[in-house]
Amino acid sequence: MSAKKNIITAVKLIVLSLLIFSIVYPLLLGGVGQLFGNKAEGSLIYQNGEAVGSRLIGQKFDSDIYFISRPSSINYDATTSGSANLAASNPELQQRIEADLKKIKAKYQLGNMAVPVDLITESGSALDPHISPEAAYFQVEYLVDQTGISESTLNSLIEEHTESKLLGLYGKSRVNVLELNLALEEVLD
């Protein structure tokens, strides 16, 4: 085979690859993404026509009328996903957990009462939008005082927004904090 034929073959292969990977493949993926609608767009949650968050990414709730999320060492910034990855023996992690525990105990006026672990520890991504049902129920008494909403109404909201294990086998029951707080807002309005 001559050098000229080799060059022509290489150029054809480059052009074909460019067409496939810069046009055909992206169009194919975009088309498949449209089949999954909201998921392809980040599972955004809308309220009054405006995106208020994603079902998949946690966010901080500072107001005393909302359920709180898990802590995040990256301040819920999805562009820097990943927790601090500190070992359980690391003094920095222990100090952060003790500080978070102190804040929660002061806010909820707990004394020596136990705090659900997911309210003082972050998830592996530091972006988990869920807390355990126990962590949600833990906050009910405080929210009754802050919002004036009855305990039974708040408990019902938690029950309605509790997602069960995947296929009844995998993972744990969980509550999406954003969705729960949006439901809480509806009750407040």
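The values are calculated or read from the model by the stated rules, or taken from the named source; none is laboratory data. Note that the structure is predicted; figures quoted are calculated from it, not measured. All Cβ positions, glycine included, derive from the backbone under ideal geometry; neighbour counts span all protein chains shown.
Annotations for the structure displayed:
- Listed by position, the helices (runs of 4 or more DSSP H) contained in region 1-113 that have at least 2 residues being within 26 Å of the chain's Cα centre (by Cα) and more than 22 Å from VAL140 (Cα to Cα) are 25-35, 91-107.
- Residue count for region 171-187, restricted to those that are within 12 Å of LEU154 (Cα to Cα) and basic (Lys, Arg): 0
- Each residue in region 143-182 was checked for being in contact with an Asp or Glu (Cβ under 8 Å, 6 or more places away or on another chain) and crowded, with 18+ Cβ neighbours inside 10 Å, and 4 pass.
- Residues that are charged (D, E, K, R) and touching a helix residue (DSSP H, G or I) at 6+ places or on another chain (Cβ under 6 Å) do occur in region 148-170, at least one of them.
Residue-wise test of (1) in the same structural domain as VAL175 (by TED's automatic domain parsing); (2) more than 18 Å from HIS130 (Cβ to Cβ).
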residue	(1), (2)
SER43	no, no
SER63	yes, yes
ALA78	yes, no
ASP100	yes, no
GLN109	yes, yes
ASN112	yes, yes
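- Between GLU122, GLU186, the distinction of being charged (D, E, K, R) and either surrounded by 12 or more Cβ atoms within 10 Å (Cβ to Cβ) or not in a helix (DSSP H, G or I) (or both) belongs to GLU122 only.
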